[in-house]
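Below is one structure, written out as structure tokens; comments come after it.
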Amino acid sequence: MRDPRYKLWPKELRPRDVTPAMVDPTISGGPTISSAPQLVASASGRWRLVYHEVRFREENILKARALLAYLARSGRLYVGPMNGIYSPAGRANVATPTLAQFSNGYKLSSGYKLAQRIWDCTLDDDVKAGDVRIPVNNSPTAPLSAGDYFEIEGRLHVIQEIRGDKWTIWPELRADYTFGTVLEIDDPRMLARLDPKSQALACQMQLGWTGLATFEFLEERW
């Protein structure tokens, strides 16, 4: 679950666009006399998200003031790609999900559990930190495809490939998770910290300021 100590970037302060970038996804062993350097996946690879041209204006200035004050103090919050209509739910034209309510905690043959949203994806087995291939029950109403983002307990991942119920993902899992863990597909986020330049900008802004600003975030590892 998300850490309640940290806020979510408010949807009212939507950037013009979001650029997700992979930082240090590979490492090199260096060049050799006979061949090119060998590249291997790096366990230190992580996300950098850039929120371009966030618009501060009269109707959201109070929300903006509160957010900038929070960022100046903490510098950490939950951000994501803000896919909107390009998210699985948006593509499937699925409205706010309904909860499947049951009177006990038993898992049904469909995979649904107590108060589980009917479009949820869930892990189909226990997985370990460092895994890049994971077994998943895909959403029956808003299925994910290669290239989609999802969140698992405050960490952001992208699907590289789907073969049956096995997903290849980037980056590797950050922790161990158990069978039945729900993947967030509607509004996936990650805990991130402001780039120092962006934090300085948040501190310097005047409370009555209006206009555009760009913020950069780097995935927080914990």
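The values are calculated or read from the model by the stated rules, or taken from the named source; none is laboratory data. Nothing here was measured: the structure is a model prediction, and the numbers come from that model. Ideal geometry is used to build each Cβ from the backbone, glycine not excepted, and the neighbour counts take in all protein chains shown.
The residue pairs whose first member lies in region 175-187 and is small (Gly, Ala, Ser), whose second member is in a strand (DSSP E or B), and whose beta carbons are closer than 7 Å, counting only pairs six or more residues apart or on different chains, are Gly180/Thr122; Gly180/Leu123. Can you find a residue in region 105-116 that is modelled with pLDDT of 80 or more and either in contact with a strand residue (DSSP E or B) (Cβ under 6 Å, 6 or more places away or on another chain) or surrounded by 11 or more Cβ atoms within 10 Å (Cβ to Cβ) (or both)? No, every residue in region 105-116 fails to be modelled with pLDDT of 80 or more and either in contact with a strand residue (DSSP E or B) (Cβ under 6 Å, 6 or more places away or on another chain) or surrounded by 11 or more Cβ atoms within 10 Å (Cβ to Cβ) (or both). If a residue counts only when it is at negative phi and modelled with pLDDT of 85 or more, which strands (runs of 3 or more DSSP E) contained entirely in region 1-96 have at least 2 such residues? Counting at least 2 such residues, we get 17-23, 46-56, 76-79.
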